[in-house]
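So the structure is just underneath, and the comments pick up after that.
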Amino acid sequence: MRCSPAAKRRPERMDEQAPMAVKAKRDWGGVTAVIAALVGLLALGVSAYTASLQRQQVRAQVWPYLLVGSDDGNQAIYVYNKGVGPAIVKSAQVFVDGKPQADWTHVLTALGMPAQGFVQSTINPNVLSPGEEVRIIKIADEDRWRSFRDATVDRVKLDICYCSTLEECWIYSDRNPVGKKSIAQLVSEVDDCPRIPDADVFNN
């Protein structure tokens, strides 16, 4: 029995369609892989963005901010934590005419004043809670306080380095801790508190 030409060509058409079907499946597989990769990258980006937002929120919740101010009514200098998180004081320095002083006794002596008639509180080291204030020096006699206040102008500089509970650190640097403040920025962020030689550290 002889086959017609049409009957002979049918198997050849089926053989031609098979590779096309395989190719189509491969194309769809590639598209699926690309989509899966894009979804994975998108999920990674969303996760990183969420983590960044969470860290910013935590930073805002534990942010400390120290300020130094004098109070003529109480004849004292105070350190205030105006932030919302604890301030961990890592180091402090007090300079008179550019020279670091070891304590308030040395400060008063360098200013040409009697090193007596004052009380002090520890600022270095210390941890100040939000809203807490520390009276670092109080001079009992009013006239002596005025002399001290006048003598510090343009001569006394105070540096305090402190950190948050996240180990983010700042330096408060005040060239006029008694009286009116300068317009210059007093607080600047640093990578870490500097290591200070023992002889230059302020102890009170």
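The values are calculated or read from the model by the stated rules, or taken from the named source; none is laboratory data. All figures in this text were calculated on a predicted structure; none of them were measured in a lab. We place every Cβ from the backbone using ideal geometry, glycine too, and count neighbours over all the protein chains shown.
Considering only segment 59-75, I want to know if a residue exists there that is basic (K, R) and modelled with pLDDT of 80 or more.
So far as segment 59-75 goes, no, none of its residues is basic (K, R) and modelled with pLDDT of 80 or more.
Given (1) farther than 24 Å from W170 by Cα; (2) surrounded by 16 or more Cβ atoms within 10 Å (Cβ to Cβ); (3) in contact with a Lys or Arg (Cβ under 6 Å, 6 or more places away or on another chain), identify the lone condition not met by F95.
Only one criterion in (1) farther than 24 Å from W170 by Cα; (2) surrounded by 16 or more Cβ atoms within 10 Å (Cβ to Cβ); (3) in contact with a Lys or Arg (Cβ under 6 Å, 6 or more places away or on another chain) is unmet by F95, namely (1).
For the condition within 24 Å of D72 (Cβ to Cβ), part of a loop (DSSP other than H, G, I, E, B), in contact with a Lys or Arg (Cβ under 9 Å, 6 or more places away or on another chain) and in the same structural domain as Q75 (by TED's automatic domain parsing), what is the one hit in G112, G179?
G179
So V107 ticks every box in (1) more than 20 Å from I171 (Cβ to Cβ); (2) buried (at least 18 other Cβ atoms within 10 Å of the Cβ); (3) among the aliphatic types (A, V, I, L, M) but one. Which box is left unticked?
Evaluating V107 over (1) more than 20 Å from I171 (Cβ to Cβ); (2) buried (at least 18 other Cβ atoms within 10 Å of the Cβ); (3) among the aliphatic types (A, V, I, L, M) leaves (1) as the failure.
Can you name the residue in segment 141-174 that is in contact with a strand residue (DSSP E or B) (Cβ under 6 Å, 6 or more places away or on another chain) and free of Cβ contacts under 8 Å to residues at least 24 places away in the same chain and is also nearest to V62 (Cα to Cα) among such residues?
Looking at the filtered set, the residue picked out is I171.
Residue-by-condition table, conditions (1) under 17 Å from F202 (Cβ atoms); (2) more than 28 Å from the chain's Cα centre (by Cα):
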site	(1), (2)
V94	yes, no
W104	yes, yes
P114	no, yes
V134	yes, no
L166	no, no
S188	no, no
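Might you let me know whether segment 144-157 holds any residue that is in the same structural domain as Q116 (by TED's automatic domain parsing) and part of a strand (DSSP E or B)?
yes
Give P125, P177, P100 a once-over and let me know the one that is touching a residue at least 40 places away in the same chain (Cβ under 8 Å) and under 19 Å from P64 (Cβ atoms).
It is P177.
Condition (residue is of a type in the set (A, V, I, L, M), farther than 15 Å from L67 by Cα and either modelled with pLDDT of 95 or more or loosely packed, with under 15 Cβ neighbours inside 10 Å (or both)) applied to segment 160-172: is it met by at least one residue?
There is at least one residue in segment 160-172 that is of a type in the set (A, V, I, L, M), farther than 15 Å from L67 by Cα and either modelled with pLDDT of 95 or more or loosely packed, with under 15 Cβ neighbours inside 10 Å (or both).
Taking segment 56-92 as the search range and keeping residues that are without any contact (Cβ under 8 Å) to a residue 60 or more places away in the chain and of a type in the set (A, V, I, L, M, F, W, C), which one is surrounded by the fewest Cβ atoms within 10 Å (Cβ to Cβ)?
A60
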